[in-house]
1. Say whether the condition of being assigned to a loop (DSSP other than H, G, I, E, B) and either at pLDDT 90 or above or acidic (Asp, Glu) (or both) is met by at least one residue in the range 115-122.
2. How many of the residues making up the range 124-159 are within 28 Å of PRO211 (Cα to Cα) and assigned to a helix (DSSP H, G or I)?
3. In the range 153-166, how many residues are touching a residue at least 60 places away in the same chain (Cβ under 8 Å) and open to solvent by less than 60 Å² (accessible area, probe 1.4 Å)?
4. Please give the number of the condition ARG180 fails out of (1) among the basic types (Lys, Arg); (2) at pLDDT 90 or above; (3) open to solvent by 90 Å² or more (accessible area, probe 1.4 Å).
5. What pairs come up if the first residue lies in the range 193-207 and is over 14 Å from GLY149 (Cβ atoms), the second is hydrophobic (A, V, I, L, M, F, W, C) and assigned to a helix (DSSP H, G or I), and their beta carbons are under 8 Å apart, counting only those six or more places apart or on different chains?
6. Hey, can you tell me all the residues within the range 48-78 that are within 18 Å of ALA145 (Cα to Cα) and in a helix (DSSP H, G or I)?
7. Based on what the data block shows, is ILE222 open to solvent by 40 Å² or more (accessible area, probe 1.4 Å) and touching a residue at least 40 places away in the same chain (Cβ under 8 Å)?
8. Give the residue, chosen from ALA81, ALA29, ALA42, that is closer than 30 Å to ARG168 by Cβ, surrounded by 10 or more Cβ atoms within 10 Å (Cβ to Cβ) and at pLDDT 80 or above.
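The values are calculated or read from the model by the stated rules, or taken from the named source; none is laboratory data. Worth saying up front: this structure is predicted, and the values here are computed from it rather than measured. Cβ: placed from backbone, ideal geometry, glycine included. Neighbour counts: every protein chain shown. In case anyone asks, the SASA skips ligands and DNA or RNA and just uses the protein heavy atoms, side chains included. Shrake-Rupley method; radii C 1.70, N 1.55, O 1.52, S 1.80 Å.
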Amino acid sequence: MVASEPTPRRPSRPTFTAPARAWKSARSAGAARAGAVVLEAALWASLAVVLLTRILRPILGPAMLGLGQGPYWGLGASVPARLSDATWRTAVEQMGGTVPPALVHGLSGGPAGRGEHVEATLPTGVEISVWEPMTFRQLVGVAGAELLGGLVLAAAFLLVIAMVRDLRRGALFTNRNLRRVYSVAAVAGIGGMLAEIAGAWGRIGVLQSPPLAGAVDVTWTISFVPLLIGLGIAVGAEILRLGTQLQHEVEGLV
């Protein structure tokens, strides 16, 4: 028997799997860096807005240095308030038991068309102006609390910007950035609540000033939104920490 010659094998085509994967990886890394650059630019722009509106405006406004003038910087150091019921009744009695129609226009309510539902708080709403020299508590009420809130926001933005810069270098998931996330949570939660409490404390100090003598209602509010935001960030950071730790333990067993 004559053995048949083996059929020659066709040369295999070269595969480009490894270069293709490398190209896709480089493309993904480039897209991530580009996204990080855009995100960092947006964060810097937001930080600039905070510096201008929440830090420079209170410092340069009438309540502190008094260098800024005009509607943007503030026409004067003041807080909004509501006339007490006793003061309002006395004012009505002094006017003969009637109020000029112009003062109560828009307060009656009822059905209204688009753009027609407006309210005027002139009969009971007033602005309490605080003139120099003012006490430290009054200063906190008219400008200090706003400044503290701006500093809290600025600190949080700076921490996030530092994290985004690490993202551009491909080193986002590090212990240093984890500590930064916890710092953001502390700044937002604790610092934000301190700003809220300082604002209420200063406002009460203004409304309880002796010259007012009960003419206005001593009202104040405290928002717990900063605390909730801080707790949410802290919970997210703890979940990330536990997930990263579990991943390292699993990789060590393989």
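1. yes
2. Number of matching residues: 13.
3. Going through the range 153-166, the residues touching a residue at least 60 places away in the same chain (Cβ under 8 Å) turn out to be 153-154, 157-158, 160-161, 164-165.
Filter once more, so that each one left must be open to solvent by less than 60 Å² (accessible area, probe 1.4 Å): 154, 157, 160-161, 164.
Looking only at that region, the number is 5.
4. Here ARG180 clears every test but (3).
5. From the range 193-207, the pairs are GLY205/VAL140; VAL206/VAL142.
6. Those that are within 18 Å of ALA145 (Cα to Cα) and in a helix (DSSP H, G or I): VAL49, VAL50, LEU51, LEU52, THR53, ARG54, ILE55, LEU56, ARG57, PRO58, ILE59, LEU60.
7. No, not satisfied.
8. Matching residue, one of ALA81, ALA29, ALA42: ALA42.
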